[in-house]
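Undergrad: Below you will find the structure I want to go over with you.
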Protein chains: 4
Amino acid sequence: MFIDLNADIGESFGSYKIGMDEEIMALVSSVNVACGFHAGDPTTMAQTVLLAKRYGVSLGAHPGYQDLLGFGRRFVDMSMVDIKNSVIYQLGSLKAFADHEGVAIKHVKPHGALYNAAAERLDIAMAIAEAIYAVDASMVFLGLSGSKMIEAAKTLGLRYAREGFADRRYTKEGQLVSRALAGAVIEKPSEAAAQVLDMLKNGAIKSICGNEVPIKVDSICVHGDHLEAIAFIRALKEMLHTHQVTIKGL
Amino acid sequence: MFIDLNADIGESFGSYKIGMDEEIMALVSSVNVACGFHAGDPTTMAQTVLLAKRYGVSLGAHPGYQDLLGFGRRFVDMSMVDIKNSVIYQLGSLKAFADHEGVAIKHVKPHGALYNAAAERLDIAMAIAEAIYAVDASMVFLGLSGSKMIEAAKTLGLRYAREGFADRRYTKEGQLVSRALAGAVIEKPSEAAAQVLDMLKNGAIKSICGNEVPIKVDSICVHGDHLEAIAFIRALKEMLHTHQVTIKGL
Amino acid sequence: MFIDLNADIGESFGSYKIGMDEEIMALVSSVNVACGFHAGDPTTMAQTVLLAKRYGVSLGAHPGYQDLLGFGRRFVDMSMVDIKNSVIYQLGSLKAFADHEGVAIKHVKPHGALYNAAAERLDIAMAIAEAIYAVDASMVFLGLSGSKMIEAAKTLGLRYAREGFADRRYTKEGQLVSRALAGAVIEKPSEAAAQVLDMLKNGAIKSICGNEVPIKVDSICVHGDHLEAIAFIRALKEMLHTHQVTIKGL
Amino acid sequence: MFIDLNADIGESFGSYKIGMDEEIMALVSSVNVACGFHAGDPTTMAQTVLLAKRYGVSLGAHPGYQDLLGFGRRFVDMSMVDIKNSVIYQLGSLKAFADHEGVAIKHVKPHGALYNAAAERLDIAMAIAEAIYAVDASMVFLGLSGSKMIEAAKTLGLRYAREGFADRRYTKEGQLVSRALAGAVIEKPSEAAAQVLDMLKNGAIKSICGNEVPIKVDSICVHGDHLEAIAFIRALKEMLHTHQVTIKGL
């Protein structure tokens, strides 16, 4: 059994530092690099690409809304043509740094509110898919399992990877339980690992309501904002390893 | 005899429109496309690349300081590593649109205050040259004739093109007379054409002080902000044509 | 009978010019000045306040989403606390210029997508109303007649002015017909004047479907982006004058 | 003997957190609040003003260049009219939050590269002084002791406070030794306190070259980015206290 672990990195901006990028790179198989719109800046991108190369992790782009103040977490009602061009622009900027270091951008994962919007709206998912297709049709569209992003990738003939969450509970309809609700977050690495194993072995997990929900995954999203998060990833990896799951980039 | 005519385009930003891009494209052989930092935005860039392709003009990138309010005309005291990465970022973003349309970025011309700074400071010129080299070493560095930009291009082994001005007087040292001074601007197309012919035939022009100043040029910068400017370019072209000068892209 | 005519001004940004501000100021009784978030910049604001003072028009603030690329016309999913503070910030910045010139900010009219969102959502309207209240509780909240903005102003005990449109048709429910639909815009000044007279005399107009819709107005929104628009305002004013309607600031 | 201790605060931006604001507020007598241009945002400003009020520290504005990526530390070649209006804008925005909380802005201290430029160039210092004068002529201009900022304040009849540094060595001409040079920073609180006592008692300090340099101060700049810095301020305060120096706001 194989699974990819992906994490967002390169989110610092000038004097503003966010994230434990080096610690995360040592643990995951894929990274999503901010492209200067919701986070990141040219010099941060150059350094992050170099770091990803050094750690040998699979490089991905992480385009978002051009909303630094909101960190890309606020929906912006952009037109489809603007979304497409905005993503082409961001992919091109990261590609310049990647090409320069001789590494390829393997995947594209939309960030924050753009990810959420693309999960639910096919038109937005298609605008992103078209941007990926325009820049490099061999890149993988990494999107929420079962969402419109996967549908858009299939429609355009793009490769895709289905993302799932180890540390979040799902509703009975298969959506993430809002963080605002109690029980939304899985705090024990053992339970998180169990949920991943369910996804891999059965293609389904148990929802917060107890029913079985089909969720097929190729990649698991992890976070590394602080030391506890790093410890969580480490514990999760060990448990997956115990169950013969190999961590492997997309 | 050959000369390139280049003009800045793609400087609109969202609802803010600047420039008569289509009128200019019909007249010049090369265009410098703003990359979203001092002017331009992703959708404007997409449309501008498409327009350049349709008109068959040679496509160039026009990176500048990230200062929309100042339109890139204010010096910003950036570090060399930030300049290099900022230019890589901008070139990459334009390249994505160009690649998508199947056209190549032939040259890079810095904009405004970045151009002026790179003309005088070798460290800044080198930072830009290194960015060009990093993205595509076959691109031409278009910079002020006799400036540090040309020196930087030679140092790195980059191709270069020397820019001169048809409608501006030069000082006795060969620099542009400040627009703030009387007589800085040449208003008659016939005199502008004569200055270009001097550059092409003699590799030298007569300065505002009367002495001869060596200026070798491969490209002439023209502007098209309003109808008079468009008429000026048209008249200049006719006179150059009369004197067997062929307008040709870099 | 009295009516206020209001127009958006001060929307230029650095080298980017938009609007015929002087022409409009000569025709309207109130102006809404952009505060640097969706349009405008500090020097433009200083000049616009001075111009408003010289023309003797009633000065208003025009806060919007911090989205220059979208010109404030794209909904941004901000939190209520961020909307309130964003509006306080914008009002404060304009107030500094107004205080310096010895003129008062008489009203506040949200711009574009923020206006539309506040018309429909009471929480957003309340966040704006609270910002107005925090900065100067004597300012008038200028919002769409019959909308949540008027409700929010009443709730907080703010003064308010109900805005209507002379050149737009209304649906049978009393909302503006989308510009995307045929017949949405009233092009004849005589018909526009008739609609305003209906609002003033009857407190109701005829919808695009023919039924009567109650609309009470204190201010009419006019636009002055181009020469035809200026001519339209002039014709509208003449007709209102003929019918004994006096144009007067809030 | 009296001295003011001032510190920069409110420099966070959205999800990006910088500074230990609460820890610093408990130690200093004055704070300089970022106004959203080089750092800070509306909600951060609202919270920071509230915090300053709660801690009873003297509130100041900290306007800077509109360069978030450079954190206001890069010189931007703005025109004098733009500097003046930019500072009026920033002061106005902070004033709205201060007025709302019923506290006054007592002083204005330019930030980073704007501070450095205004220390050396009278035209820039005058542009800032005019902005202060325009917004509230009773505010104190806090600037480097012996610099053009103090000269500008005197010229306009503004109140001023002369700033010195406890933890930085001065050159024989009385300027700060560049941080790039060895020995630029004073690391022992006892030596820093001794330098402050020299300033207060003798109006002069010993330069890095050993000669005596006249420096009169009303305020000492301290930083609180990390725990060591906080400990340094605490130790400095204790030693000043031992020598009968009272910490007091401007």
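The values are calculated or read from the model by the stated rules, or taken from the named source; none is laboratory data. All of these numbers come straight from a predicted model, not from anything done at the bench. Positions of Cβ are generated from backbone atoms using ideal geometry, with glycine treated the same way; all protein chains shown enter the neighbour counts. Keep in mind that these areas ignore ligands, DNA and RNA; they rest on the heavy atoms of the full protein, side chains included. Shrake-Rupley method; radii C 1.70, N 1.55, O 1.52, S 1.80 Å.
Undergrad: Identify all residues within segment A:99-108 that are assigned to a strand (DSSP E or B), open to solvent by less than 50 Å² (accessible area, probe 1.4 Å) and more than 13 Å from chain B (Cβ to nearest Cβ); write none if there are none. Let's see the steps before the verdict.
TA: Residues of segment A:99-108 that are assigned to a strand (DSSP E or B), as a first pass: A:105-108.
Restricting the remaining residues to those that are open to solvent by less than 50 Å² (accessible area, probe 1.4 Å) gives A:105, A:107-108.
Within segment A:99-108, just A:107 meets the criteria.
Undergrad: What pairs come out if I take residues in segment D:191-211 that are at positive phi and pair them with residues that are open to solvent by less than 60 Å² (accessible area, probe 1.4 Å) and of a type in the set (D, E, K, R) whose C-beta lies under 7 Å away, six or more apart or interchain?
TA: none
Undergrad: Does residue A:174 qualify as being open to solvent by less than 60 Å² (accessible area, probe 1.4 Å) and over 29 Å from residue A:59 (Cα atoms)?
TA: Judged against the criteria, residue A:174 is not a match.
Undergrad: Is segment A:89-98 home to any residue that is more than 11 Å from chain B (Cβ to nearest Cβ) and over 12 Å from residue A:32 (Cα atoms)?
TA: In the first step, residues of segment A:89-98 are kept if they are more than 11 Å from chain B (Cβ to nearest Cβ); the result is none.
No, segment A:89-98 has no match at all.
Undergrad: Condition test on residue A:174, is it on the phi > 0 side of the Ramachandran plot and touching a strand residue (DSSP E or B) at 6+ places or on another chain (Cβ under 9 Å)?
TA: Numbers: on the phi > 0 side of the Ramachandran plot: yes; touching a strand residue (DSSP E or B) at 6+ places or on another chain (Cβ under 9 Å): yes.
Taking the combined requirement at face value, the residue satisfies it.
Undergrad: Please go through segment D:74-88 and pick out each residue that is within 7 Å of chain C (Cβ to nearest Cβ) and either open to solvent by 10 Å² or more (accessible area, probe 1.4 Å) or over 14 Å from residue D:136 (Cβ atoms) (or both). Lay out the reasoning, then the answer.
TA: So in segment D:74-88, the residues within 7 Å of chain C (Cβ to nearest Cβ) come out as D:81-82, D:85-86, D:88.
Across segment D:74-88, the qualifying residues are D:81, D:82, D:85, D:86.
Undergrad: Moving on to the next point. Applying the selection to segment C:219-235, what residues are modelled with pLDDT of 90 or more, open to solvent by 50 Å² or more (accessible area, probe 1.4 Å) and either of a type in the set (A, V, I, L, M, F, W, C) or in contact with a strand residue (DSSP E or B) (Cβ under 8 Å, 6 or more places away or on another chain) (or both)?
TA: C:231
Undergrad: Okay, next question. Quick check on segment C:192-207: of everything there that is part of a helix (DSSP H, G or I) and either among the polar types (S, T, N, Q) or farther than 17 Å from residue C:5 by Cβ (or both), which residue is least open to solvent (accessible area, probe 1.4 Å)?
TA: Going through segment C:192-207, the residues part of a helix (DSSP H, G or I) turn out to be C:192-202.
With the extra rule that they be either among the polar types (S, T, N, Q) or farther than 17 Å from residue C:5 by Cβ (or both), the set shrinks to C:195, C:201-202.
On the way: C:195: 9, C:201: 129, C:202: 99 Å².
If we take residues in segment C:192-207 being part of a helix (DSSP H, G or I) and either among the polar types (S, T, N, Q) or farther than 17 Å from residue C:5 by Cβ (or both), then C:195 is least open to solvent (accessible area, probe 1.4 Å).
Undergrad: Output yes when any residue across segment A:64-73 is surrounded by fewer than 20 Cβ atoms within 10 Å (Cβ to Cβ) and either within 19 Å of the chain's Cα centre (by Cα) or within 11 Å of chain B (Cβ to nearest Cβ) (or both), and no when none is. Can you show your working first?
TA: Initially, segment A:64-73 is screened for residues surrounded by fewer than 20 Cβ atoms within 10 Å (Cβ to Cβ), giving A:73.
Remaining after also requiring either within 19 Å of the chain's Cα centre (by Cα) or within 11 Å of chain B (Cβ to nearest Cβ) (or both): A:73.
Within segment A:64-73, one or more residues are surrounded by fewer than 20 Cβ atoms within 10 Å (Cβ to Cβ) and either within 19 Å of the chain's Cα centre (by Cα) or within 11 Å of chain B (Cβ to nearest Cβ) (or both).
Undergrad: If you don't mind, another one. Within segment B:37-56, can you find the residues that are aromatic (Phe, Trp, Tyr) and either touching a Pro at 6+ places or on another chain (Cβ under 7 Å) or surrounded by 24 or more Cβ atoms within 10 Å (Cβ to Cβ) (or both)? Explain how you work it out, then say what you get.
TA: First, pick out the residues of segment B:37-56 that are aromatic (Phe, Trp, Tyr): B:37, B:55.
Hit for segment B:37-56 is B:37, nothing else.
Undergrad: Go through (1) in contact (Cβ under 8 Å) with a residue 60 or more places away in the chain; (2) outside any loop (DSSP other than H, G, I, E, B); (3) open to solvent by 40 Å² or more (accessible area, probe 1.4 Å) and name the single condition residue D:146 misses.
TA: (2)
Undergrad: Exactly one of these conditions fails for residue C:187: (1) modelled with pLDDT of 95 or more; (2) more than 19 Å from residue C:250 (Cα to Cα). Give me its number.
TA: (1)
Undergrad: To continue, here is another question. Identify, please: which residue in segment B:157-185 is of a type in the set (D, E, K, R) and touching a residue at least 60 places away in the same chain (Cβ under 8 Å) and is, among those, farthest from residue B:204 (Cα to Cα)? Break it down into steps so the answer makes sense when it comes.
TA: Here is the first cut: in segment B:157-185, the ones of a type in the set (D, E, K, R) are B:159, B:162-163, B:167-169, B:172-173, B:179.
In the following step, the residues that additionally are touching a residue at least 60 places away in the same chain (Cβ under 8 Å) were identified as B:163, B:167.
Working: B:163: 13, B:167: 15 Å.
Looking at the filtered set, the residue picked out is B:167.
Undergrad: Go over the candidates B:179, B:159 one by one and state the one that is at pLDDT below 95 and of a type in the set (Lys, Arg). Break it down stepwise before answering.
TA: Details: B:159 fails: at pLDDT below 95.
Within the list B:179, B:159, the selection yields B:179.
Undergrad: Picking from D:40, D:64, D:60, which residue would you name as being in a loop (DSSP other than H, G, I, E, B) and in contact (Cβ under 8 Å) with a residue 40 or more places away in the chain?
TA: Only one candidate passes the filter, namely D:64.
Undergrad: So, one more: Give me the residue from segment A:177-191 that is touching a helix residue (DSSP H, G or I) at 6+ places or on another chain (Cβ under 7 Å) and not hydroxyl-bearing (Ser, Thr, Tyr) and, out of that set, most open to solvent (accessible area, probe 1.4 Å). Outline the logic, then answer.
TA: In the first step, residues of segment A:177-191 are kept if they are touching a helix residue (DSSP H, G or I) at 6+ places or on another chain (Cβ under 7 Å); the result is A:186, A:189-190.
Okay, now just the ones that are also not hydroxyl-bearing (Ser, Thr, Tyr), so A:186, A:189.
Details: A:186: 5, A:189: 34 Å².
Only one residue fits best here, namely A:189.
Undergrad: Filter segment A:109-136 down to residues that are surrounded by fewer than 21 Cβ atoms within 10 Å (Cβ to Cβ), in contact with a strand residue (DSSP E or B) (Cβ under 9 Å, 6 or more places away or on another chain) and outside any helix (DSSP H, G or I), then give me how many there are.
TA: 1
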